[in-house]
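One structure below.
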Amino acid sequence: MAQATDAARTVILTVDDDPGVSRAIARDLRRRYGGGYRVVRAESGESALDALRELKLRGDLVAVILADYRMPQMNGIEFLEQALAVYPGARRVLLTAYADTNAAIDAINVVDLDHYLLKPWDPPEEKLYPVVDDLLTAWRSSDHRPVAATKVVGHRWSARSSSVREFLARNQVPYRWYSSDEPEGRRLLAAAGADDRRLPLVITPDGTALVEPDAPGLAAHVGLATTPAADFYDLVVIGGGPAGLGAAVYGASEGLRTVLVERSATGGQAGQSSRIENYLGFPDGVSGGQLTERARRQASRFGAEILTAREVTGLEANGAARVVRFSDGTEVAAHSVILATGVSYRQLPAPGCEDLTGRGVYYGSSLTEASSCEDQDVYVVGGANSAGQAAVFLARGAKSVTLLVRGESPAATMSYYLIQQIEEAPNITVRPRTVVDAAHGAEHLERLTLRDAVTGGTEVVDAQWLFVFIGAAPLTDWLDGTVLRDEHGFILAGPDLTPDGRPPAAWDLDRPPYHLETNVPGVFVAGDARARSAKRVASAVGEGAMAVMLVHRYLEQS
């Protein structure tokens, strides 16, 4: 059990209007943390705020606040928003019922929520203590000073504004959103000397105003690392999805000087998932964002560097070094490289979709937009797990969700547990043999033309929200001429390189390539970018770990 590092007893505060629940969670917290922390409980938002103000006046520290969502007069989100002004450094947890997870997702941007915990939390050893342990560790690593939030001013239907919000959310950067049509948004624009013709405007915690920032510039100003600390490493991991994060964790934990390079945000497609329910060790499921953030913290704790918003454009072998080149002309070298670039969703070729991307048409879950879909009619395109997870998640708040599947049914490509959930959801409709033929709208998406893939008949439906999960395009074009790929762009490795038993061309080693090794010695591949990979989170993490084992073998023989 971790102990508080401050001389004065530090507080864990819990508030729940149900006296029985309030006593139960306080009892469980005292049993685990009573030796190093003072557990304070309250039975209303107002009394909890009074307690926080009294603690503030006494100079006490508050490490974690756990608040029930469903409380009269002041719900958990409203309470946490006011508590944020008193103890901005405290870690915040919302206690919710399963039906209230939408509210918890909304709270991420409203109160910079650190975690939401489903009730009941029995047994606490599995469901409560690991969460609080992580939050206390994170709190102790900070300096407990108020953290000013980044402000984003944009237009509701601006593709660039949507992109910036998604970038910040996926990189766990707290921010507050202001519409340019609202008084506070206009005030911020005026203060920055900007206007609503160039959006979004991002105001960083130190007061710097960024107009229409690109990802690298934004990352550098909100505290994300973008520049490598060294010129040479033992291992460069390219890509921050489950395979890349797995490789970074195992590489750094086993003593390799490791740097992970991600072009956008860690997590990859899995990081955008609203709920992953078939990953080992999470019987109640886990969001992609939660899994990603834990893996990212774990990799950092072991000493791995994580660079964000750095696009890799080239790879070459220079003697024993493997040189990775960035889009800005800089480079970094290493003894070995693991390619974990993952895949991206294919773009819908239908007319109108490109122009409306970010303005009603979204690729991936785009969780920052999910709260706006409440009581709306939503369309989801795709027949695999990502589409199914999004449909189930969106159905919790949407009026209706229509899942458009090109084939006869999603049964061939979607996990059975998701098919069951979709069948049990009263507001989800599956339309097989249906494709999007066109998207229509001026400022934002307004209608879709749907086509029967068999008969060719079409139908126009009203729609403001379309989430697309089709196909998997590997992000490997930049490897052309260096690393061998199959006809679809997936990277060949190990036995796939030598189907006839002969080594690949230009292979100058006595041994054949290792299982995950490409045609370039010392360059390995893991996860979805590999040809014939399983396209599952668990297998990607496993391949990341296996690739590190093979890196060790390569380094020992070099």
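The values are calculated or read from the model by the stated rules, or taken from the named source; none is laboratory data. Note that this is a predicted model, so its numbers are computed, not measured. Here Cβ is always computed from backbone atoms with ideal geometry, including for glycine, and neighbour counts include all displayed protein chains. Please note that ligands, DNA and RNA were not included when accessible areas were found on the heavy atoms of the full protein model with its side chains. Shrake-Rupley method; radii C 1.70, N 1.55, O 1.52, S 1.80 Å.
Here region 499-558 is the region considered, the condition is being of a type in the set (S, T, N, Q) and part of a loop (DSSP other than H, G, I, E, B), and the residue that is farthest from G285 (Cα to Cα) is S558. For region 360-409, which residues satisfy the criterion of being part of a strand (DSSP E or B) and aromatic (F, W, Y)? Across region 360-409, the qualifying residues are Y362, Y363, Y379.
Annotation note: of L448, L475, the sole residue that is within 20 Å of L356 (Cα to Cα) and of a type outside the set (D, E, K, R) is L448. Scanning region 307-327 for residues that are more than 21 Å from S163 (Cβ to Cβ) and either in contact with a Lys or Arg (Cβ under 6 Å, 6 or more places away or on another chain) or not acidic (D, E) (or both) yields G314, L315, A317, N318, G319, A320, A321, R322, V323, V324, R325.
Right, G207: assigned to a loop (DSSP other than H, G, I, E, B), without any contact (Cβ under 8 Å) to a residue 40 or more places away in the chain, small (G, A, S) and open to solvent by 10 Å² or more (accessible area, probe 1.4 Å) or not? Considered against the rule, which asks whether it is assigned to a loop (DSSP other than H, G, I, E, B), without any contact (Cβ under 8 Å) to a residue 40 or more places away in the chain, small (G, A, S) and open to solvent by 10 Å² or more (accessible area, probe 1.4 Å), G207 comes out as yes. Residues in region 340-369 that are hydrophobic (A, V, I, L, M, F, W, C) and out of contact with any strand residue (DSSP E or B) (no Cβ under 9 Å at 6 or more places or on another chain): L367 only. In region 223-242, the residues that are part of a loop (DSSP other than H, G, I, E, B) form Cβ pairs under 7 Å with partners that are at pLDDT below 95 and open to solvent by 50 Å² or more (accessible area, probe 1.4 Å), at six or more places apart or across chains, as follows: T226/P216; T226/A220.
This table checks each residue for (1) closer than 15 Å to R275 by Cβ; (2) open to solvent by 20 Å² or more (accessible area, probe 1.4 Å); (3) hydrophobic (A, V, I, L, M, F, W, C).
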{"site": "F393", "(1), (2), (3)": "yes, no, yes"}
{"site": "S400", "(1), (2), (3)": "no, yes, no"}
{"site": "R406", "(1), (2), (3)": "no, yes, no"}
{"site": "A411", "(1), (2), (3)": "no, yes, yes"}
{"site": "Y417", "(1), (2), (3)": "yes, yes, no"}
{"site": "P426", "(1), (2), (3)": "no, yes, no"}
{"site": "R431", "(1), (2), (3)": "no, yes, no"}
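For region 149-164, the set of residues classified as closer than 19 Å to L445 by Cβ and surrounded by fewer than 22 Cβ atoms within 10 Å (Cβ to Cβ) consists of H155, R156, W157, S158, A159, R160, S163, listed by residue number. Answer yes or no as to whether G314 is on the phi > 0 side of the Ramachandran plot and modelled with pLDDT of 95 or more. Considered against the rule, which asks whether it is on the phi > 0 side of the Ramachandran plot and modelled with pLDDT of 95 or more, G314 comes out as no. Residues to consider are T449, T458; find the one that is at pLDDT 95 or above and in contact with a Lys or Arg (Cβ under 8 Å, 6 or more places away or on another chain). The unique qualifying residue is T458. Taking the condition of being at positive phi and either part of a helix (DSSP H, G or I) or of a type in the set (D, E) (or both), how many residues in region 179-196 meet it? Counting residues in region 179-196 that are at positive phi and either part of a helix (DSSP H, G or I) or of a type in the set (D, E) (or both) gives 0.
Scanning region 242-263 for residues that are open to solvent by 40 Å² or more (accessible area, probe 1.4 Å) and closer than 22 Å to A169 by Cβ gives a single hit, R263. Remark: pairs (first residue in region 542-558, in contact (Cβ under 8 Å) with a residue 40 or more places away in the chain; second residue among the aromatic types (F, W, Y); Cβ separation under 6 Å; 6+ apart in sequence or on different chains) = A545/Y250; A547/F524; V548/Y250.
Within the set G494, G501, the sole residue that is open to solvent by 20 Å² or more (accessible area, probe 1.4 Å) and at pLDDT below 95 turns out to be G501. Annotation note: Cβ proximity below 8 Å between a residue of region 174-195 that is without any contact (Cβ under 8 Å) to a residue 40 or more places away in the chain and a residue that is hydroxyl-bearing (S, T, Y) (sequence gap 6+ or interchain) occurs for E184/Y178; G185/Y178; G185/S179; R186/S180; L188/Y178; L189/S180. In this entry, E354 is excluded by the filter for residues that are without any contact (Cβ under 8 Å) to a residue 12 or more places away in the chain, out of contact with any helix residue (DSSP H, G or I) (no Cβ under 9 Å at 6 or more places or on another chain) and within 27 Å of D284 (Cα to Cα).
In this structure, is R198 closer than 17 Å to G154 by Cα, in contact with a strand residue (DSSP E or B) (Cβ under 8 Å, 6 or more places away or on another chain) and open to solvent by 60 Å² or more (accessible area, probe 1.4 Å)? Here the answer is yes, as R198 does meet what is asked. Screening region 128-167 for residues that are under 30 Å from R30 (Cα atoms) and of a type in the set (F, W, Y) and picking the one that is modelled with the highest pLDDT gives Y129.
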